[in-house]
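Q: Would you mind keeping the following structure in view while I ask a few things?
The values are calculated or read from the model by the stated rules, or taken from the named source; none is laboratory data. Predicted model, so just to flag it, every value in this text is computed and none were measured. Backbone-built Cβ (ideal geometry, glycine too); neighbour counts: all protein chains shown. Remember, those area values only see protein heavy atoms, side chains included, never the ligands or the DNA or RNA. Shrake-Rupley method; radii C 1.70, N 1.55, O 1.52, S 1.80 Å.
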Amino acid sequence: MSAPTSTRALRMAYVVACVAGVLFFVTSVGLLGVWPTQMLRDQTTRMAPEVPLRPSVSESRGRLVYAREGCSYCHSQQVRFTAADTRRFGAPTLAWETQFDTPHMLGTRRIGPDLSRAGGTRSLDWQYAHLYAPRDVVRESVMPAYPWLFDGAPDRPTQEARDLVAYLDSLGRAREVAGPEGEARAREGCDCDDDPLMAMAFEGRLNNHPARAIRHGEAPALPIDAAALPRGQALFARHCATCHGPEGQGNGPAASHLRPAPKNLSQHDYSNARLASALWNGVTGAAMPAWRDLSPDDLGALAQAVQALSVTRVEPAPSEALLAQGREVYAANCAQCHGTDGRGDGTAADALPMVPANFTQQQLSLSEAVRVLREGIPGSPMAPWTSRLTSAEILATAHYVRSLYTPSLPGHLRK
Amino acid sequence: MTTAPAPTVARGLVRAHGIAALVTLLISVSFGLVAAFQLQSPDFGAGTPSLGWGRIRYAHTQGIMLGWLANAFFAFLYHAVPILTGRPVTSERLGIWLCALWNFGVMVPGWVLVLAGVSQPLEWAEFPLMVDVMVALVLVGMGVQFLPGFFRRGVESMYISSWYIIGGLVFTLLSYPMGNVVPEVVAGAAGAAFSGLWIHDAVGLFVTPLALSTMYFVIPASTGRPIFSHFLSMLGFWLLFFLYPLNGTHHYVFSVIPMSAQLTAIITSALLGVSVVLVVTNLLLSLRGAGWLPRDPALRFVSTGIVFYLIVSLQGSVQAQMSLNQRVHFTDWVIAHSHMAMLGFASFAAAGGLIHAWQRMPEARYHAGALSWAYWLMTIGLVLMVADLTLAGLVQGQLWLDGAPWMDSVAASRKYWAARTHIGGLLSGGFILLLAGLTTGPRGGGLSVRPEGGDPVAQSRTHLAPSLAGDHT
């Protein structure tokens, strides 16, 4: 083989190789960029609600704060099509849910939980308290604190903090407000009943976040084992003390910024059923999250720890006359919300942002009952009654609601 | 083969980029240390917005890639390209401009802006768009600086390092907008598909070609023997450029991005492992006779980097597979993997290239003892860090699969994160010693390390590919 021929052949080979090299690259862009983009656009057109819910101006600004602080480097925004993800967070993220996310923040690392279904999971006051000082709310958190988004206190958020929290509360909302009709349309557009992976998008609950409060959720009976009390107390110190305080007096570091304030557990007796519901379903309208990610055994232990915090005291027994007066005042003023039998199921109850207290399942100490009647519960529909009731009437009502407590009743929290 | 003319190495620019590389390395590592420490003491820096963990992380990864690695590779190019092409680079004056622009037009403003909160939340693309423009400009400039010589010399005798340099510069420029600009225009999951391309191209088309170029350059120059097989080296080169870009979507397995794209990436990831075995075999066989722990620190860094390259690539192939991905994605396993890639593979190659160039400059200070210590601290630190974070990742993944409360995974990670901070301290010691090794000691202290291949003319001969027809390897 003569050298010039071989050189020419080699040059030719290199030219071919160089063209091929550029083609490889173009192929990759086409195959893994342009083509999936087209598929995802088609999918979005088919599956998105006809009138998509766009982010508000405030939410868009909040998104910029989220982006610049690198939130997506610890909190992904995609529920993956895996069993572990759907069990913990809910339905897998569909393309149309991300259609206004420019740039996307799908994320590749989770130090904190995924946030694509964060909307409606935490109360706004929880968010503010948590952003201001995360460890005041979640003791073991490693999240950075963002005090500079506030004017010195969690209840004085700057516009940026308001925007950020508005954004957080909007995550996952588009699909939630699309409702069953939206899901049906998406399912039809997906046409993926034969594709088990894609079909996961429509199985199970849309938002499975274990902390999300469920207003009238069922609650399993908790196993009560006296030996579990120390474990319950350890769990209380780990998960609950930041709000309810180490002694349960409602004075944890986060408490002063939460409205309604965390309950003073030392002044309450709770039935097992009430605690099961509060722990399993959270308290809607309050910062109290659900704790469905704890095992039933742990929740049972926790319930005992909470009951052990109650400071039992001998209260003066009310006279029949006092109780009768209380019954009268109650029927006239309280039954609309708390129900004629005190089960928290009055005619107005369903219109309220919080479920009214069920007095058959919880008993306040007399002083606490009087205090609540006098001061109301700021942040809840419970108003102060001093302008409408005399001190005597308030005392009588307090005695009356205490008398409704029948913890032995089976766990029906609602009729 | 005719004798090549004595090439003119742009020594001033080697030193400028080299020092910039080491300084940006230490700055970037400081960001890494702060971020690591904040996972132990989350309130460290609270109240100072620019010390927020997210911003620090942006500064850390961009600094490592664009500050340390890019500068180190540019330094290496100013040394290697004149030897490979047999002629000086296009313009030293242009080089001064490019060096200044890169460090004072990209790195300084990039860092200042992300710390001030002007950034984009895109991995390996956190510097904002205005800085991206500067990056693209300098990359074009680097193309003008380095590429013409290759084409003037003719391709038939082009050595593998040259191919990697050409490929690296050209394809970095092509793929850079993919992760830095496209997701700002294409929304949501589709934007993520492009991000995935860039996340992998940043490693595959920028870092890997230049690291491999360095390895292929340093080995024959240091041992004085040609590489094992030019044919294999070219095969590996083309496989790399075919397979790397097709890996992108493996960063979003189980996402809504079409499964066919995911599967393409997953299969290609497996094939990539095979091609890397081929490249590594060629590199290790080229090292034959140099021993497992070569005396020349440049070669020692390079040979260790080859081992890390093999490990990190096989790991990448495996973790893209769905069964393992389900378990380790989102965990510290991936952070271990990226440290193995950027620190184990790329930084060891970059350090090797830098030391190699330094050894050949009579005016450069050189401290062999410091470099030897740097090697050991970096190697031990990296192995420990990868082990620590891999273990942490397995623990996190298991807890998540078990459905344990989220905070259990955070609580269980604390001891691994604490260990990582200490290991980071160890590594920082290594980096400081690397800086010391190249800035203290006698001037020209590295000249004695230079083996027979150190003679520029002989060296340029080792760095010519015999035309394939005459290649009997």
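Q: Out of A:116, A:76, A:72, A:141, report the one residue that is outside the structural domain of residue A:289 (by TED's automatic domain parsing), of a type in the set (Gly, Ala, Ser) and in contact with a strand residue (DSSP E or B) (Cβ under 7 Å, 6 or more places away or on another chain). Steps first, please.
A: Working: A:116 fails: in contact with a strand residue (DSSP E or B) (Cβ under 7 Å, 6 or more places away or on another chain); A:72 fails: in contact with a strand residue (DSSP E or B) (Cβ under 7 Å, 6 or more places away or on another chain); A:141 fails: in contact with a strand residue (DSSP E or B) (Cβ under 7 Å, 6 or more places away or on another chain).
Checking each option against the conditions leaves just A:76.
Q: Any chance you could count how many residues in segment A:293-313 are open to solvent by less than 30 Å² (accessible area, probe 1.4 Å), touching a Pro at 6+ places or on another chain (Cβ under 9 Å) and over 13 Å from residue A:274 (Cβ atoms)? Before you say what the answer is, go through the steps one by one.
A: Just the residues of segment A:293-313 that are open to solvent by less than 30 Å² (accessible area, probe 1.4 Å), to begin with: A:294, A:299-306, A:310.
Filter again for touching a Pro at 6+ places or on another chain (Cβ under 9 Å), leaving A:294, A:299-301, A:305.
Among the residues that remain, those that are also over 13 Å from residue A:274 (Cβ atoms) are: A:294, A:300-301, A:305.
Residues flagged as open to solvent by less than 30 Å² (accessible area, probe 1.4 Å), touching a Pro at 6+ places or on another chain (Cβ under 9 Å) and over 13 Å from residue A:274 (Cβ atoms) within segment A:293-313 amount to 4.
Q: With segment B:13-107 as the region, which helices (runs of 4 or more DSSP H) entirely inside it contain at least 1 residues that are crowded, with 21+ Cβ neighbours inside 10 Å, more than 14 Å from chain A (Cβ to nearest Cβ) and out of contact with any Phe, Trp or Tyr (no Cβ under 9 Å at 6 or more places or on another chain)?
A: In segment B:13-107, the matching helices (runs of 4 or more DSSP H) lie at B:70-85.
Q: Considering A:391, A:403, A:319, which residue is of a type in the set (Gly, Ala, Ser) and touching a residue at least 60 places away in the same chain (Cβ under 8 Å)? Break it down into steps so the answer makes sense when it comes.
A: Values: A:391 fails: touching a residue at least 60 places away in the same chain (Cβ under 8 Å); A:319 fails: touching a residue at least 60 places away in the same chain (Cβ under 8 Å).
Criteria check complete, one pass: A:403.
The rows are residues; the columns are (1) touching a Phe, Trp or Tyr at 6+ places or on another chain (Cβ under 6 Å); (2) open to solvent by 30 Å² or more (accessible area, probe 1.4 Å); (3) within 7 Å of chain B (Cβ to nearest Cβ); (4) closer than 22 Å to residue B:186 by Cα.
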{"residue": "A:52", "(1), (2), (3), (4)": "no, yes, no, yes"}
{"residue": "A:74", "(1), (2), (3), (4)": "no, no, no, no"}
{"residue": "A:78", "(1), (2), (3), (4)": "no, no, yes, yes"}
{"residue": "A:93", "(1), (2), (3), (4)": "no, no, yes, yes"}
{"residue": "A:105", "(1), (2), (3), (4)": "no, no, yes, yes"}
{"residue": "A:112", "(1), (2), (3), (4)": "no, no, no, no"}
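Q: While we're on this one: Which residue out of A:226, A:219, A:241 is at pLDDT below 95 and buried (at least 16 other Cβ atoms within 10 Å of the Cβ)?
A: Only one candidate passes the filter, namely A:219.
Q: Can you pull out the residues in segment A:167-194 that are closer than 15 Å to residue A:91 by Cβ and without any contact (Cβ under 8 Å) to a residue 12 or more places away in the chain?
A: A:179, A:180, A:184, A:192
Q: Among the listed residues B:273, B:316, which satisfies the condition of being open to solvent by less than 10 Å² (accessible area, probe 1.4 Å), under 30 Å from residue B:399 (Cβ atoms) and under 20 Å from the mean Cα position of the chain (by Cα)?
A: None of the others qualify; the one that does is B:273.
Q: Filtering segment B:245-260 down to residues that are part of a helix (DSSP H, G or I), touching a residue at least 24 places away in the same chain (Cβ under 8 Å) and open to solvent by 10 Å² or more (accessible area, probe 1.4 Å), which residue is nearest to the other protein chains (Cβ to nearest Cβ)?
A: B:251
Q: Still on this structure, please answer the following. Can you find a residue that is in a loop (DSSP other than H, G, I, E, B), basic (Lys, Arg), farther than 29 Å from residue B:172 by Cα and more than 9 Å from every other protein chain (Cβ to nearest Cβ) anywhere in segment A:56-64?
A: For segment A:56-64, residues in a loop (DSSP other than H, G, I, E, B), basic (Lys, Arg), farther than 29 Å from residue B:172 by Cα and more than 9 Å from every other protein chain (Cβ to nearest Cβ): absent.
Q: Name the single residue, out of those in segment A:357-392 being touching a Gly at 6+ places or on another chain (Cβ under 8 Å) and under 21 Å from residue A:322 (Cβ atoms), that is surrounded by the fewest Cβ atoms within 10 Å (Cβ to Cβ).
A: That would be A:385.
Q: Based on what the data block shows, is residue A:144 within 14 Å of chain B (Cβ to nearest Cβ), within 21 Å of residue B:406 (Cα to Cα), crowded, with 23+ Cβ neighbours inside 10 Å and in contact with a Gly (Cβ under 9 Å, 6 or more places away or on another chain)?
A: Taking the combined requirement at face value, the residue satisfies it.
Q: How about segment B:333-369: which of its residues are open to solvent by less than 10 Å² (accessible area, probe 1.4 Å) and either small (Gly, Ala, Ser) or farther than 28 Å from residue B:13 by Cβ (or both)?
A: B:336, B:344, B:346, B:347, B:349, B:350, B:351, B:352, B:353, B:357, B:364
Q: I want to confirm something. Restricting to segment B:136-164 and keeping residues that are within 11 Å of chain A (Cβ to nearest Cβ) and among the aliphatic types (A, V, I, L, M), which single residue is most open to solvent (accessible area, probe 1.4 Å)?
A: B:155
Q: Still on this model: Tell me whether segment A:161-181 contains one or more residues that are assigned to a loop (DSSP other than H, G, I, E, B), away from every other protein chain (no Cβ under 11 Å) and within 17 Å of the chain's Cα centre (by Cα).
A: yes
Q: Cβ contacts < 7 Å: first residue closer than 12 Å to residue A:287 by Cα and of a type in the set (D, E, K, R), restricted to segment A:238-263; second residue open to solvent by 20 Å² or more (accessible area, probe 1.4 Å) and part of a loop (DSSP other than H, G, I, E, B), any location; separation 6+ or different chain. Result?
A: Going by the 7 Å Cβ cut-off, the qualifying pairs are A:259/A:378; A:259/A:379.
Q: Criterion first (touching a Ser or Thr at 6+ places or on another chain (Cβ under 6 Å), open to solvent by 20 Å² or more (accessible area, probe 1.4 Å) and either part of a loop (DSSP other than H, G, I, E, B) or at the interface with chain A (Cβ under 10 Å from one of its Cβ atoms) (or both)) does residue B:121 satisfy it?
A: Considered against the rule, which asks whether it is touching a Ser or Thr at 6+ places or on another chain (Cβ under 6 Å), open to solvent by 20 Å² or more (accessible area, probe 1.4 Å) and either part of a loop (DSSP other than H, G, I, E, B) or at the interface with chain A (Cβ under 10 Å from one of its Cβ atoms) (or both), residue B:121 comes out as no.
Q: Out of everything in segment A:264-281 that is open to solvent by 10 Å² or more (accessible area, probe 1.4 Å) and outside any helix (DSSP H, G or I), what residue ends up being farthest from residue A:301 (Cα to Cα)?
A: Ranking the qualifying residues of segment A:264-281, first place goes to A:264.
Q: Which of the residues belonging to segment A:80-91 are facing another protein chain (nearest Cβ under 7 Å) and either among the aromatic types (Phe, Trp, Tyr) or over 14 Å from residue B:406 (Cβ atoms) (or both)?
A: A:80, A:81, A:82
Q: OK, next. Quick one: which of B:395, B:328, B:334 is within 17 Å of the chain's Cα centre (by Cα), under 20 Å from residue A:113 (Cα atoms) and in contact (Cβ under 8 Å) with a residue 12 or more places away in the chain?
A: Working: B:395 fails: within 17 Å of the chain's Cα centre (by Cα); B:328 fails: within 17 Å of the chain's Cα centre (by Cα).
Testing whether each residue is within 17 Å of the chain's Cα centre (by Cα), under 20 Å from residue A:113 (Cα atoms) and in contact (Cβ under 8 Å) with a residue 12 or more places away in the chain leaves just B:334.
Q: Only residues that are in contact (Cβ under 8 Å) with a residue 12 or more places away in the chain and assigned to a helix (DSSP H, G or I): list them for segment A:219-236, please. Can you show your working first?
A: Going through segment A:219-236, the residues in contact (Cβ under 8 Å) with a residue 12 or more places away in the chain turn out to be A:219-226, A:228-229, A:231-233, A:235-236.
Within segment A:219-236, A:226, A:228, A:229, A:231, A:232, A:233, A:235, A:236 meet the criteria.
Q: Shifting gears a bit: Just checking, does segment B:125-138 include any residue being in a helix (DSSP H, G or I), within 29 Å of residue B:220 (Cα to Cα) and touching a residue at least 60 places away in the same chain (Cβ under 8 Å)? Explain how you work it out, then say what you get.
A: We begin by selecting, within segment B:125-138, every residue in a helix (DSSP H, G or I); these are B:129-138.
Filter once more, keeping what is within 29 Å of residue B:220 (Cα to Cα): none.
Scanning segment B:125-138, I find no residue that is in a helix (DSSP H, G or I), within 29 Å of residue B:220 (Cα to Cα) and touching a residue at least 60 places away in the same chain (Cβ under 8 Å), so the answer is no.
Q: What is the one condition in (1) at pLDDT 95 or above; (2) buried (at least 20 other Cβ atoms within 10 Å of the Cβ); (3) more than 18 Å from the chain's Cα centre (by Cα); (4) not basic (Lys, Arg) that residue A:289 does not satisfy?
A: If we test residue A:289 against (1) at pLDDT 95 or above; (2) buried (at least 20 other Cβ atoms within 10 Å of the Cβ); (3) more than 18 Å from the chain's Cα centre (by Cα); (4) not basic (Lys, Arg), just (3) comes out false.
Yes or no, residue by residue, for (1) in contact (Cβ under 8 Å) with a residue 12 or more places away in the chain; (2) at the interface with chain A (Cβ under 8 Å from one of its Cβ atoms); (3) buried (at least 24 other Cβ atoms within 10 Å of the Cβ); (4) outside any helix (DSSP H, G or I):
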{"position": "B:166", "(1), (2), (3), (4)": "yes, no, no, no"}
{"position": "B:170", "(1), (2), (3), (4)": "yes, no, no, no"}
{"position": "B:193", "(1), (2), (3), (4)": "yes, yes, yes, no"}
{"position": "B:200", "(1), (2), (3), (4)": "yes, no, yes, no"}
{"position": "B:206", "(1), (2), (3), (4)": "yes, no, yes, no"}
{"position": "B:221", "(1), (2), (3), (4)": "yes, no, yes, no"}
{"position": "B:228", "(1), (2), (3), (4)": "yes, no, no, yes"}
{"position": "B:233", "(1), (2), (3), (4)": "yes, no, yes, no"}
{"position": "B:243", "(1), (2), (3), (4)": "yes, no, no, no"}
